[in-house]
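Each remark here refers to the structure printed beneath this line.
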Amino acid sequence: RDLTAPTAFPLRTWTHVAAVLENGTSTRPLINGTVVATGTATGAPLSALSVPFGVGIAYLANGTANFSGFPGLARQVRTWSTTRTTAQISADASLALPTDRTGLVATWPLDESSGATARDLSGANRALTAPAGSLAATRLAVLEVRPLGVDNVVASSDDWRGTAALEAAYASVGAFPFVSDCSKDAAIAFELPPGGYTATVSGKNSTNGVALIEVYELP
């Protein structure tokens, strides 16, 4: 089911998003506890004992990714087997665990600072696992390109060990927040003179996999 909000989400701020499917046909997305649209879903709901489920990415019934990943952050994701009212959604939006958990299938806080598993707090033990091939620990390096010689490493990072000033700088441009000084992410903030540079990422301990590099211009 595709649900479309009438306006874009604000950048660099947390937004509570909910989607409701009622009676298999009626849909409504909610932004920060307010219904922003209504619609009618087409087609019959899929009936299966086991279907792929993703956070930040959609999957087809055969397990194939259907859309590219969500270019943002997700925190405290829940899924329900019952239709939630607008009042219930608003009341539970800021709670780590809802008071009334009837129909709660799973809830993932997504606050792990390392590893490839997101725990489920609902009691049903439906943990999420990272996509196959993703790197759990990375090393980031920025190299100055030298056409007639070996590129020079001008900065590198292995695990996040930051300061409050750097955390504020990253937050000011909408970069991923670093909430812990024991994160396995790598991050660098520095000033470069004009020239050619290359950013590289590699797995620790000679591991291979998929990683994401983001570059921001700080004010």
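Quick note: the coordinates plus some simple rules give every number you see, no bench work behind them. Worth saying up front: this structure is predicted, and the values here are computed from it rather than measured. Cβ: placed from backbone, ideal geometry, glycine included. Neighbour counts: every protein chain shown.
With R₀ fixed at 41 Å, the C-beta to C-beta distance from Ala5 to Thr198 puts the FRET efficiency at about 0.60. Each Lys or Arg adds one and each Asp or Glu takes one away; over the other residues whose Cβ falls under 15 Å from the Cβ of Gln88, this sums to +1. Count Lys and Arg as plus one, Asp and Glu as minus one, and take only other residues whose Cβ is under 14 Å from that of Asn152; the net charge is then -1. The residues neighbouring Leu192, those whose beta-carbon lies less than 15 Å from its own, together hold a net charge of -3 under the Lys/Arg +1, Asp/Glu -1 convention.
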